[in-house]
Each structure stands twice: as C-alpha cells, then as structure tokens.
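Right, one structure below, let's go through it.
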Amino acid sequence: MLNQPIIELDDVDLTLGAGASRAHVLKKISLAVHKGEAVGLIGPSGSGKSTLLMTLAGLERPDSGRVRVDGADLTRLSENELARFRGRRMGVVFQSFQLIPTMTALENVAVPLELAGRPDAFARAREELEAVGLGGRLAHYPGQLSGGEQQRVALARALAPDPAILAADEPTGNLDSETGAAIIDLIFAQQARRGATLVLVTHDASLAARCDRAVRLRSGRIDAEISE
C-alpha cells in the first residue's frame with residue numbers, strides 16, 4: 001500500500017563543473033517515490049537523469065533544495081554519515097559494474113558487508129550470488145567473468161545489505177540485448193521478491209514501461225510523468 005514517500009526531492013538544483021564547462025544539470029526538481037514502487041527515469045542524453053539518480057543516492061550534493069530518503073535528510077548528513085546510510089539502506093548498480101579486479105566474486109560482495117560490521121558477511125555474500133545464478137562462480141575474478149556475470153555480481157553486492165531502495169543507472173548499457181534482458185528480468189524479480197523500491201535510469205522506453213511509473217526529464221527538468 002502506498003503511503004508516505006520513501007524518496008522525496010523538493011526544489012532540487014544542482015550545477016556541475018566550473019568555468020566554461022559549468023552546467024546547470026538539475027533545475028527545481030521535485031519528485032516523490034513511494035515504498036515498493038518501481039520508477040523509470042528516462043530522457044535524452046544530458047537530460048539529467050543519471051545525475052538525478054546520483055543525487056537521490058547521496059552521491060551528488062544539490063546546491064539547494066532538499067533530498068529526503070527513507071526518513072533521512074541527505075542534505076544534512078556528512079560524507080561519513082552518507083556512506084553509512086548507503087551501506088545500510090541503499091543498493092546502487094552502475095553501468096560499468098565497478099567491481100574490484102583483484103577480488104573474487106565472493107569477496108566483491110562480502111567486503112562491503114564486512115566494512116559495515118556484518119559478522120555473516122561471507123555467508124550472506126554466498127547466498128546473494130546463488131540468488132543471481134552465480135553459485136558456481138564464487139572464486140572467479142571479474143576478468144574471468146562475462147559482462148553479464150559481472151553485472152550479476154554487482155547486483156548481488158547491491159542487494160546483499162537488503163536495502164530499502166535499489167538504484168540502477170543504465171544497468172544494461174554495457175551488455176548485449178539478450179544478456180541485458182536477462183539482467184533486467186533479474187532486477188525486477190529481486191525487487192518484487194524483496195518489496196524494495198526501484199529507481200531505474202534507462203534510455204529504453206519499453207524498459208521504462210515495465211516500471212509502475214516513468215518520469216521523463218528534459219534539460220534538467222521533469223517534462224512528464226507516465227503511469228502504467
């Protein structure tokens with residue numbers, strides 16, 4: 001049942017860069033996402049959709065406005081507090097996987113849990129890798145895995161803390177269409193199984209249509225919201 005939003009952005013402005021490269025990326029963005037909802041962020045390149053995702057994940061700080069996520073005002077948290085918050089309440093999946101090449105699949109998933117003080121870090125990591133179909137690849141390094149397998153490791157890492165929110169930035173951007181479709185199916189299946197909130201950046205309108213709602217950005221502003 002939808003009630004109090006789990007994500008609230010109120011009049012968020014953000015400028016990136018300096019000098020001639022300075023760009024006003026987000027302009028008075030206000031957005032609410034409810035618990036358990038799947039929201040697709042769509043729009044042309046440069047529209048601000050990835051920056052918006054990074055802002056609601058606490059990876060970019062707005063110049064003005066408020067970002068409230070799962071009861072916490074991210075604009076008031078220190079960098080250390082933001083890192084702890086993300087480690088507990090939010091999982092982020094990037095287009096480029098961002099795995100540590102010198103660590104095995106199991107270590108890539110377990111180490112963030114260890115750093116967060118989880119005594120069951122490796123057992124939990126094993127469970128999550130098995131859940132994404134990689135139970136037989138625990139000891140493999142990223143360089144020994146296909147792109148699709150690396151993204152499955154990244155997804156397992158994001159889901160291991162059992163986050164309230166899963167943020168995915170073009171998670172199929174570096175994958176072929178068949179592999180990408182399998183990853184998307186996995187993301188939606190895991191979101192539904194856990195009752196998590198999903199915010200997904202994509203350039204693919206058909207993929208956004210699988211979400212409960214699509215939010216279209218243009219030139220740093222919300223251009224339209226489309227409910228399915």
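Given a 1.4 angstrom probe, I'd like the percentage of the accessible area of the range 89-216 that is carbon and sulfur, rounded to a whole number.
50
Using +1 at the Cβ of each Lys and Arg and -1 at the Cβ of each Asp and Glu in the chain, identify which of 43, 139, 129 lies farthest towards the dipole's positive end.
Positive-most Cα among the choices belongs to 43.
Identify, among 102, 26, 112, the residue whose Cα sits farthest towards the positive end of the charge dipole of the range 25-116, taking +1 on the Cβ of Lys and Arg and -1 on the Cβ of Asp and Glu, with the dipole about the Cα centre.
Sorting the options by dipole projection puts first 26.
Order 203, 24 by their accessible area, 1.4 angstrom probe, all chains in place, largest first.
203, 24
Determine the sum of side-chain charges near residue 82: Lys and Arg each +1, Asp and Glu each -1, restricted to other residues whose C-beta is under 15 angstrom from that of residue 82.
Cβ neighbours under 15 Å give a net charge of +3.
How large is the Kirkwood hydrodynamic radius of the chain, counting all unique pairs of alpha carbons, in Å?
That comes to 17.9 Å for the chain.
What is the extension gain from residue 3 to residue 23, computed as 0.36 nm multiplied by their sequence separation minus the C-alpha to C-alpha distance, in nm to one decimal?
3.7 nm
Dipole size in debye (nearest 20) for the chain around its Cα centre, Lys and Arg Cβ +1, Asp and Glu Cβ -1?
In total the dipole reaches around 340 debye.
How would the range 113-228 be classified by its alpha-carbon gyration tensor: rounded, prolate or oblate, with rounded meaning a/c under 1.5 and the a/b versus b/c comparison settling the rest?
Prolate is the answer for the range 113-228, as a/c is 1.5 or above and a/b outweighs b/c.
For the range 118-146 and the range 161-183, write down the distance between their C-alpha centroids in whole Å.
Their Cα centres are 17 Å away from one another.
Divide the volume of the convex hull of the Cα atoms of the range 1-75 by its number of residues and quote the answer in cubic angstrom per residue.
Considering the Cα atoms of the range 1-75, their hull volume per residue is 85 Å³.
Any idea of the accessible area per residue across the range 109-196, 1.4 Å probe, to the nearest Å²?
42
The values are calculated or read from the model by the stated rules, or taken from the named source; none is laboratory data. All values reported here derive from a predicted model rather than from experimental measurement. Reconstructed Cβ throughout: ideal geometry from the backbone, glycine too, with neighbour counts over all protein chains shown. Calculation scope for accessible area: heavy atoms of the full protein, side chains included, ligands and nucleic acids excluded. Shrake-Rupley method; radii C 1.70, N 1.55, O 1.52, S 1.80 Å.
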